[in-house]
Amino acid sequence: MQRSKLKQQALYYYRHSPVSCWILGITTGFLVAAILAIDLLVPFLSFLTIPLLVVPVIFCATIQHVMLKTDAQITMTSSFRTFALYFKRDFFGTFSVIFNFVKSLLLFLIVETVVSSVASFLIYMFNPQFESSVNSLYQLLYSYEFTYEDIVNQLNANNYLLLQYIVISFVPACGIALIFFIYNLSRYSMMIYYKMQLKRTDSRFAKLVYQFSLRGRRMEMARNYLSLQWPLYVLVGLGFAGGAVFGYFFYHDLMKILPFALVGSAVLATFFLPFYFSNQQAFYDMYASLYNQVTKSVTTSIIGNLQSDIELSKQEKERLEETLSDMDGPLNDEHEGEDNKKDPGGS
């Protein structure tokens with residue numbers, strides 16, 4: 001029943017402006033793919049382009065989707081302003097990019113260790129040349145007199161034996177880590193809607209409220225979230241695998257395989273983005289009252305602790321009281337108004 005209502009609300013947001021949702025989704029997806037494609041020219045540049053360009057683009061699209069509900073006009077100027085808003089103090093750090101990257105990196109190391117151990121054991125059993133190929137590569141690296149072309153030639157020797165081993169052990173681990181990274185960023189993006197409601201709060205307070213909201217509800221919220229967004233992760237996985245296969249067969253170069261995998265994941269995910277943003281907003285609305293309750297509880301606790309330690313200044317007291325008053329602000333009334341509308345799924 002809960003998930004059915006969630007899906008109906010997401011469909012309601014999508015039906016409000018389906019053409020605009022498709023324009024926003026397709027534009028965002030292909031812009032992200034184009035940014036990731038820069039890695040084909042400058043390897044490993046994605047370590048900079050993802051946090052500095054891709055994440056702000058998703059942030060911008062999330063806010064613009066909220067604007068669609070108010071029938072606001074989205075222009076190029078407003079898009080640049082929204083993009084720049086990500087780097088301001090109120091929103092910077094909303095996605096906890098570094099924290100989520102570290103978690104994804106740990107998952108990558110675990111998966112890569114397990115897969116590479118199994119792959120090396122199986123390849124060694126069925127291909128005795130594997131050990132000699134590995135030894136030759138180590139000798140080349142330890143000589144300190146090699147070029148990038150020397151490494152590529154060594155990886156491609158013996159019918160691409162070492163390249164196949166690296167692709168088998170490295171690429172799946174990267175794909176799993178990427179899906180986990182996107183999942184965490186997507187969940188943390190709930191704070192965008194939260195901070196749009198509480199304009200006076202900062203990212204640290206928003207994260208505190210988010211973490212408290214998860215207590216005792218983590219699995220329930222994860223199941224409800226995935227009931228809406230699971231197609232995104234299927235498409236990301238398929239696109240990543242398809243891009244990796246394309247890069248392997250056409251280039252036989254690890255520096256090309258991973259960028260093609262990233263671009264492939266973005267291209268396929270593009271076709272779900274028109275629904276993704278509507279689902280995100282519906283998911284936030286489902287737990288908006290919970291976030292409000294936690295905010296009141298945390299704010300009241302902070303006021304009580306401060307009053308017991310020091311005497312609050314007039315300005316500090318007014319700011320905390322304004323945070324509490326925001327809970328009954330326009331956005332909250334808007335959510336209640338939508339709940340009282342005719343069931344969107346039954347029309």
note = By residue number, the members of the range 102-153 that are under 32 Å from the mean Cα position of the chain (by Cα) and either of a type in the set (Lys, Arg) or more than 19 Å from residue 174 (Cβ to Cβ) (or both) are 103
inquiry  = Residue under question is residue 121, and the condition is that it be over 30 Å from residue 59 (Cβ atoms), assigned to a helix (DSSP H, G or I) and either at pLDDT below 80 or open to solvent by 60 Å² or more (accessible area, probe 1.4 Å) (or both); does it hold?
reply    = yes
key: Checklist (1) of a type outside the set (A, V, I, L, M); (2) farther than 22 Å from residue 49 by Cβ; (3) modelled with pLDDT of 95 or more applied to residue 239, failing item   = (2)
query = In the set 278, 265, which member is under 30 Å from residue 168 (Cβ atoms), at pLDDT 85 or above and not aliphatic (A, V, I, L, M)?
reply = 265
key: Every residue from the range 144-157 that is surrounded by fewer than 18 Cβ atoms within 10 Å (Cβ to Cβ) and either touching a residue at least 24 places away in the same chain (Cβ under 8 Å) or closer than 30 Å to residue 231 by Cα (or both)   = 152, 156, 157
ask   = Looking at this structure, is residue 247 without any contact (Cβ under 8 Å) to a residue 40 or more places away in the chain and within 19 Å of residue 173 (Cβ to Cβ)?
value = yes
ask   = If you check 57, 66, which single one turns out to be in a helix (DSSP H, G or I), crowded, with 18+ Cβ neighbours inside 10 Å, in contact (Cβ under 8 Å) with a residue 24 or more places away in the chain and under 14 Å from the mean Cα position of the chain (by Cα)?
value = 57
task = Could you list, in sequence order, all residues of the range 89-100 that are modelled with pLDDT of 85 or more and either surrounded by fewer than 17 Cβ atoms within 10 Å (Cβ to Cβ) or within 17 Å of residue 166 (Cα to Cα) (or both)?
result = 98, 99
message = With the requirement that a residue be in a helix (DSSP H, G or I), of a type in the set (S, T, N, Q) and open to solvent by less than 90 Å² (accessible area, probe 1.4 Å), what does the range 1-25 give you?
response = 4, 8, 9, 20
Given (1) within 30 Å of residue 122 (Cα to Cα); (2) modelled with pLDDT of 90 or more, number of the condition residue 232 does not satisfy = (1)
key: Filter pass, residue 298 being more than 20 Å from residue 30 (Cα to Cα), at pLDDT below 85 and either of a type in the set (A, V, I, L, M, F, W, C) or in contact with a Phe, Trp or Tyr (Cβ under 8 Å, 6 or more places away or on another chain) (or both)   = yes
task = Could you list, in sequence order, all residues of the range 154-168 that are over 37 Å from the mean Cα position of the chain (by Cα) and not polar (S, T, N, Q)?
result = 157
query = Taking residue 160, is it surrounded by fewer than 18 Cβ atoms within 10 Å (Cβ to Cβ) and in a helix (DSSP H, G or I)?
reply = yes
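The values are calculated or read from the model by the stated rules, or taken from the named source; none is laboratory data. Just so it is clear, the structure is predicted and the values come from calculations on it, not from any experiment. In this analysis, Cβ positions are derived from the backbone assuming ideal geometry, glycine residues included, and neighbour counts consider all displayed protein chains. Protein only, heavy atoms only, side chains kept; ligands, DNA and RNA dropped before computing areas. Shrake-Rupley method; radii C 1.70, N 1.55, O 1.52, S 1.80 Å.
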